[in-house]
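Inspection log for the structure reproduced underneath, given as structure tokens.
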């Protein structure tokens, strides 16, 4: 019989008391000289010189301290360097220690204070209770507070001290934020130039332009301002063997980060992101929940401001539509039919290239040989899909009848839309150069501005500057002409007397046009600066441009005689075998 069993007499009954086989959690064995596997946990929050010294001091102290205790066995030193205590997610040594404790390799953990283990009340209590719930339980001893977690009397004190450690961390975070904002107010910028293309830091804290990297930045801005897409710019940069500041391939996301970075015009916007929670350290975009600080002319600029303004308009960053979305940037996106209210979509047609021949023609009668060319048109989607059933709301019989019929709008040749748009720009340019602020365009804009809107004035000024920069002469050196040529029934004019088929300025369209209303031959364009511009001549066909002139890249003139010349694309050759008809049954 076990000598530890006690019998008590209670009248006619006998009570048998059996002692516990496992030590209760409330009975701490930390101070006893039994065989204990003790580990130590150390942590410093920054990698400064003073913190480095504290980090090594803690490790050495606990190594000597555990080894000097009789009956103790060193189970390991777990140390996290330059890690915050507000979360356990980014502390690899802490997590490894918890895993070892769960595997039964540790009996006790010694650390300097509660704040070393965790500055988050929930993390501290969750970790300690998880360790206590193990079999056998694992205790934690906090040296500064003289607190043993296996002592159940210390639960209340542990909760209070953990909350104080969390509040101390919050106070430190607020003090750091206050100091950073004060530096921002004084114009002191904090930017890691090693992660930014175009600049190098100087010993005195100023910024110096890196010429090789700045050339890439200028190339990106210039290409985008000419209407080149982000994907196309990436392909060109990667083909040239140029890399990002990190030595990686280019992707569109990196292109647009550069295009939106105000530091390339010499300015600095600070506190774009804020720490949402000091416990999770999660940074979110500052959309108004905290102050922002904008420093002008802080350092040398790589991009001039007119080019910057144009790119921002093209990105839709300056102007926003009434729906709250960013401005339209794709070509002809936003054209709406005035008859049915549907949008326009682009499609390609194919036609025979009359009077065209080359050395691909064989003359073999066993084959059908043709020359074709393709051209693009824009047509209303409602022309084939707009019906009364798809129209919302209640309609009268006459309205239903009108909607059940296909939209009467015709399609527009893309070359006509581009030419008409450019002819409108040149008329506005010549009128502004002749009359200045008294021209109809400026007077219309002045009447529109009943209340002063800075962004509209800014965009309108840039539009006038872009008009003035349109070339007055073509590549052949002749003055630009937009007068229509003689009718095709008459003799074709000489190239020097013909009107120009104008190269389409895609960048101007993407910068300043936010949509348009198509009504027959005319389009009413809605601009980024608030007024509408009416453009006529959009219903012309390919044959209407026969008699125009076009400049080749080498500066020579080409007179357009056939429809397949207008589109400017190569003519396709097709050769298909003829079907042999057999005898009828």
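Residues of segment 61-77 being assigned to a helix (DSSP H, G or I) and either touching a residue at least 24 places away in the same chain (Cβ under 8 Å) or surrounded by 17 or more Cβ atoms within 10 Å (Cβ to Cβ) (or both), which ones?
Passing the criteria: 62, 65, 66.
Only residues that are surrounded by fewer than 12 Cβ atoms within 10 Å (Cβ to Cβ) and touching a strand residue (DSSP E or B) at 6+ places or on another chain (Cβ under 7 Å): list them for segment 529-568, please.
Listed by number, the list holds a single entry, 552.
Could you tell me whether residue 371 is under 18 Å from residue 415 (Cα atoms) and either at pLDDT 90 or above or part of a strand (DSSP E or B) (or both)?
So residue 371 does not fit the description; no.
Just need a number here: residues in segment 98-123 that are modelled with pLDDT of 85 or more and over 15 Å from residue 142 (Cβ atoms).
Going through segment 98-123 one residue at a time, the tally reaches 10.
Restricting attention to segment 535-546, does a residue exist that is touching a residue at least 24 places away in the same chain (Cβ under 8 Å) and part of a strand (DSSP E or B)?
Yes; the residues of segment 535-546 include at least one that is touching a residue at least 24 places away in the same chain (Cβ under 8 Å) and part of a strand (DSSP E or B).
Among the residues of segment 569-585 satisfying the criterion of being under 22 Å from residue 551 (Cα atoms) and modelled with pLDDT of 80 or more, which is surrounded by the fewest Cβ atoms within 10 Å (Cβ to Cβ)?
Here the residue is 570.
Pull up segment 468-508, narrow it to residues that are outside any loop (DSSP other than H, G, I, E, B) and at pLDDT 90 or above, then point me to the one that is nearest to residue 307 (Cα to Cα).
Ranking the candidates gives 468 first.
Looking at 204, 200, which one is modelled with pLDDT of 75 or more, loosely packed, with under 15 Cβ neighbours inside 10 Å, touching a strand residue (DSSP E or B) at 6+ places or on another chain (Cβ under 6 Å) and in the same structural domain as residue 297 (by TED's automatic domain parsing)?
200
Suppose we keep only residues that are assigned to a loop (DSSP other than H, G, I, E, B) and under 17 Å from residue 508 (Cα atoms) within segment 217-242. Which one would you say is modelled with the lowest pLDDT?
That would be 227.
Report yes if some residue within segment 333-355 is in a loop (DSSP other than H, G, I, E, B), at pLDDT 90 or above, under 30 Å from residue 576 (Cα atoms) and touching a strand residue (DSSP E or B) at 6+ places or on another chain (Cβ under 7 Å); otherwise report no.
yes
May I ask you to list the residues in segment 252-273 that are loosely packed, with under 14 Cβ neighbours inside 10 Å and either over 21 Å from residue 199 (Cα atoms) or in contact with a helix residue (DSSP H, G or I) (Cβ under 8 Å, 6 or more places away or on another chain) (or both)?
Those that are loosely packed, with under 14 Cβ neighbours inside 10 Å and either over 21 Å from residue 199 (Cα atoms) or in contact with a helix residue (DSSP H, G or I) (Cβ under 8 Å, 6 or more places away or on another chain) (or both): 252, 260, 273.
Out of all the residues in segment 547-556, which are more than 39 Å from the chain's Cα centre (by Cα) and in a loop (DSSP other than H, G, I, E, B)?
547, 554, 555, 556
Take the residues of segment 289-309 that are assigned to a loop (DSSP other than H, G, I, E, B) and under 21 Å from the mean Cα position of the chain (by Cα): which is nearest to residue 199 (Cα to Cα)?
Among them, the one singled out is 303.
Filtering segment 129-170 down to residues that are at pLDDT below 80 and under 17 Å from residue 43 (Cβ atoms), which residue is surrounded by the fewest Cβ atoms within 10 Å (Cβ to Cβ)?
168
The values are calculated or read from the model by the stated rules, or taken from the named source; none is laboratory data. For clarity, every value in this text was computed on a predicted model and none was experimentally measured. Quick reminder, even Gly has a Cβ in these numbers, built from the backbone with ideal geometry, and neighbours come from all protein chains shown.
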